[in-house]
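Written out below as structure tokens is the structure these notes cover.
Read-outs throughout are calculated quantities, based only on the coordinates presented, and are distinct from any laboratory measurement. Bear in mind that the values here come from a model prediction, so they are computed numbers and not experimental data.
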Amino acid sequence: MLVNVIGVLGVVLLLGSFIFSQAAFLNEKIKQSSSKWALHYSIANFLGAGMLAYYAYALNNLIFLVVEGTWSAVGLVAVLQKLPVKKLLGKIT
């Protein structure tokens, strides 16, 4: 039961982030303000793909696991690239 909930939440996050990013791409007004939301989209994308990778693992579906695991890894890279690392480091030092 919990595995199915994780799978559904993963789909909602993944498709939601994709739909919003496409809306930002297609709609110029949203596109201009979308840079501040880029990190949020990337986090939702990463989490959704990660949840679906777990779901695929729980179902023993290797092909689905490889696709979602790769998607999640790429999503993590996107999140890390969008993090304000210089601002965070500046506050620490």
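Some observations on this one:
- Cut-off under 5 Å, modelled amide H: who pairs with Leu59 long-range: none
- Whole-Hz Karplus values for the range 52-57 come out as 6, 5, 4, 4, 5, 4 Hz, taken residue by residue from phi with 6.51 cos²θ - 1.76 cosθ + 1.60 and θ = phi - 60°; glycine and proline positions read x.
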